[in-house]
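Since every read-out is calculated from the coordinates, none of them should be taken as a lab result. These numbers come from a predicted model, not from an experiment. Cβ: placed from backbone, ideal geometry, glycine included. Neighbour counts: every protein chain shown.
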């Protein structure tokens, strides 16, 4: 019995050693081995999920992924263009196109592929007030009586929950206030969006009228549900900073919320992508649905908002989309061999 056991274990041990050897060899052959990657994101916590997903894929390719650094969008584009960082997973096009161009454009940056599409933005009010006063268009806030419904600080103006400075959307909102002649009746409240929208939701739950800017994908629309709790407002006409009425912001449905539907891209250093075709291919082919981002963001709004929570969400998404994730890695590995 002893001799038979020994004879049986020898080939098993040899197979294990072969597997370990092949595994070590495969690790050595990974295209990212020894190459550091520095991801960036804005202060918006809800961007962590998309960024971590890219990080996981890069790590699978062998890259030495550093902890995420937070900087606002304009600075992030310049840092990536200068080679001080590697990528950002949440570049909005065309909203952040000026940041892209000012940092060197296609000569310095890469934004191949679409990471997430159909990102809508606009102005929203509570449905109760919309129905009671038949408000469908933000232009109606030129009427001081309508605007005063949304006054929270006693100055008679509507207090519009707006955009965090540095996100680019604040410029569009300010432009709209002027273009639609709302400067005398509407105040654009700026600050940290998370704090502003939390206060807005509290006021809504207390039965008070609310007006706010928001976008998708983001969890707010799962808490204040369009069509049930709130309604999107049309704008009087299309108008964007630097382009005026020449750009058409109407939706395919005919609705006009004042913002072009955006696509989100992974913006990366052009030099890094050129030297690292595996990472470049990965950035080009990764794609996540707006619905998946919304669902993850909602979990964060419900209290699952620590880094450990978001890492768990990311790993759960990968397990649920394992074939897709593995195909990204396979195509990226193939790109490195060409």
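Odds and ends about this structure:
- The ranking of 169, 163 from fewest to most other beta carbons within 10 Å of each one's beta carbon is 169, 163.
- Helix axis angle, 322-337 relative to the chain longest principal axis, alpha carbon, degrees: 70
- Label-point separation in nm, residue 271 to residue 82, each point 7 Å along Cα→Cβ: 1.2
- For segment 261-338 versus segment 34-73, the spacing of their alpha-carbon centroids is 10 Å.
- Inter-label distance for residue 29 and residue 311, nm, one decimal - labels placed 7 Å from Cα along Cα-to-Cβ: 3.0
- Computed over segment 180-297: relative contact order in percent, which uses C-alpha pairs under 8 Å that are six or more apart: 21
- Mean separation of Cα contacts under 8 Å (6+ apart) over length of the chain, as relative contact order %: 24
- The alpha carbons of segment 121-233 stretch over 34, 31, 23 Å along the principal axes, in descending order.
- The angle between the Cα long axis of helix 48-60 and the longest principal axis of the Cα atoms of the chain comes to about 20 degrees, rounded to the nearest 10.
- Projected label distance in nm at residue 69 and residue 142, using a 7 Å step from Cα toward the beta-carbon: 4.8
- Once the Kirkwood radius over Cα pairs is known for the chain, the Stokes-Einstein relation at 4 °C and 1.567 mPa s delivers a diffusion coefficient of 58 µm²/s.
- Distance-filtered residues of segment 81-124 - backbone nitrogen under 17 Å, label point 7 angstrom along residue 327 Cα→Cβ: 113-117
- Ranked list, fewest to most other Cβ atoms within 10 Å of each Cβ, for 108, 36, 281, 255: 36, 255, 108, 281
- Based on Cα contacts under 8 Å between residues 6+ apart, segment 121-233 shows a relative contact order of 42 percent.
- Cα-based convex hull volume of segment 65-151 per residue, rounded to whole Å³: 170
- Across 46, 284, 208, mean-square fluctuation computed from a Gaussian network of the chain (C-alpha pairs under 10 Å connected) peaks at 208.
- In terms of other Cβ atoms within 10 Å, 324, 202 run from fewest to most in the order 202, 324.
- For segment 241-338, radius of gyration divided by Kirkwood radius, i.e. Rg to Rh on alpha-carbons: 1.08
- Span from the segment 168-222 Cα centroid across to the segment 94-120 one, whole angstrom: 25
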